[in-house]
Amino acid sequence: MMANDVIMRKPYVIGSCTNSYAAEYFKYLSADVRLQRILCLDPGETMGWCVFQNGLLQICGQLGMLDTNEWYNTLTQFFNMASPTHCVIENYVVYAHKLKDHAWNSLFTSRLIGALELMCSMHRFPKKFQMASEAKSFATDDKLRRWGLYQVSHRHANDSIRHGLYYMLATSNGREE
C-alpha cells in the first residue's frame, strides 16, 4: 500500500473559508451528513479513494489493486486506516450494447466491488452504490477545480471525490437512503 499515491489535504476551516466550495456546496449539507466519515471508492485496477469528514475532503489517493492475492491484506489495512462510518462505491454494470466487449472478460472491477462490499459488511458500516454518470454529471472537472478539490494527474482520486460530493448532497436533500 505504501507504493501508491496518497495526497494529504489540509482540512478547510469553514469559519474563515471564502472559497467557492463553502459558498456553493458546503452550506447545503445536512448536519447528519456532516457527522459521517465517508470513504468513497472508484474501483478498478487503480482504485481512486478519498475520505470526507465534516463535509470536507480530508485525504485522497490512488491504490494499485492488480495483485488479487493481496486484496484481503490491502483492503483490511486500507479500511482500518480510513476508519469510515459510511462507504460510497462506484457501481459497475455490463450494458446490453457492450455485451460483446465483455465476452471472456474476467470482470476484474466487478470482483473488486464484491470484495469491497464484503469488507463493508464485515466492518458493519452502510454502503451506497452509485453509477459513474451520476457523480460525473454533477461534479465536473471545472467544479472540482473551482472548489479546490481537483487532483492533477489523479483521475481515479478525482472520480472518488465526485462520488463523495454527489452522495453528500443527494443524501442531504433526501434523494438517497
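Quick check: convex hull over the Cα atoms of the chain, volume per residue in Å³, rounded to an integer?
Per-residue hull volume (Cα only) is 125 Å³.
With labels modelled as points extended 7 Å from the Cα through the Cβ direction, what inter-label distance (nm, one decimal) is found for ASP67 paired with ALA96?
A separation of 4.3 nm, rounded to one decimal place.
Where nothing but the Cβ of Lys and Arg (+1) and of Asp and Glu (-1) is charged, how large is the charge dipole of the chain around its Cα centre, in debye to the nearest 20?
Roughly 400 debye for the chain.
Could you derive backbone 3J(HN,Hα) for segment 96-101 from the dihedral phi with the Karplus parameters 6.51, -1.76 and 1.60 (θ = phi - 60°), listing whole Hz in sequence and x where the residue is Gly or Pro?
Listing the rounded values in order: 4, 6, 10, 4, 5, 5 Hz.
Using only Cα atoms and rounding to the nearest 10 degrees, what angle (0 to 90) does helix 155-172 make with the longest principal axis of the chain?
Once rounded, the angle reads 60 degrees.
Could you state the angle between the C-alpha long axis of helix 71-82 and the longest principal axis of the C-alpha atoms of the chain, as a value from 0 to 90 degrees rounded to the nearest 10?
In the chain, helix 71-82 runs at an angle near 10 degrees to the longest axis.
Any chance you could run the full-extension gain for THR140 through ALA23? It's 0.36 nm times the residue separation minus the Cα-Cα distance, nm to one decimal.
Additional length available on full extension: 40.4 nm.
Tell me the angle of helix 108-123 to the major Cα principal axis of the chain, expressed in degrees between 0 and 90 and rounded to the nearest ten.
60
Of the options CYS87, SER121, ASN54, report the single residue whose Cα projects farthest towards the positive end of the charge dipole of the chain (beta-carbon charges: Lys, Arg +1; Asp, Glu -1).
ASN54
Based on alpha-carbon centroids, what's the gap between segment 75-102 and segment 104-177 in Å, whole number please?
8
None of the figures in this text is laboratory data; all of them are computed from the coordinates on show. Because the structure is a prediction, the values reported are computed rather than measured. As a convention, Cβ positions derive from the backbone with ideal geometry for all residues, glycine included, and neighbour counts pool all protein chains shown.
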